[in-house]
């Protein structure tokens, strides 16, 4: 175990491998590379944001994986909604050319969502599974968001 105060260890239950995997994905997406001489880090989500039109959709897909795995763990609906809102904010603002790239340095939805998952796993009590209908509803909504993310930049570029 590391002596890092920011890490939460959930060794006694079966969630440790899932949490470890999701932390690694979040790090790769949001903090993979630290810019030398600064405390600023970038990840694949920042690089995806540079790809016109489809880049933010790629980031959304990886964020969706973290959301689905969190739902499989049985995270509460209210927390799941907060995670979806984090993803929506990241995706919608990220879709705006230039502004979205700058916004990605400040808003790290995947890191926030891992923190929400860790907070949930720290709580005692019985863990309930989120019902599948609720999850399907959110996945459908995020799919529609992906369609908007593809059309929004095309419309904005057409106006300019």
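No value in this document is a laboratory result; all are computed from the given coordinates. Owing to the predicted nature of the structure, the values given are computational and were not obtained by experimental measurement. Note that each Cβ is placed from the backbone with ideal geometry, even for glycine, and that neighbours are counted across all protein chains shown.
Worth pointing out:
- Between residue 143 and residue 28, the FRET efficiency estimated from the beta carbon spacing at R0 = 25 angstrom works out to 0.60.
- Distance between the stretch 98-123 and the stretch 9-68 - C-alpha centres, whole angstrom: 9
- Three-way shape call for the chain based on the alpha-carbon gyration tensor, with the a/c threshold at 1.5: oblate
- The angle between the Cα long axis of helix 109-122 and the main principal axis of the chain comes to about 10°, on a 0 to 90 degree scale.
- Per-residue extension of 0.36 nm, minus the Cα-Cα distance of residue 40 and residue 96, leaves a gain of 18.0 nm for this segment.
- Inter-label distance for residue 21 and residue 82, nm, one decimal - labels placed 7 Å from Cα along Cα-to-Cβ: 2.4
- Taking the C-alpha atoms only, the angle from helix 55-73 to the longest principal axis of the chain is near 20 degrees.
- Principal-axis tilt of helix 132-159 within the chain, Cα atoms, nearest 10 degrees: 20
- Spin-label model, residue 106 to residue 155: label points 7 Å out along the Cα-to-beta-carbon direction sit 2.4 nm apart.
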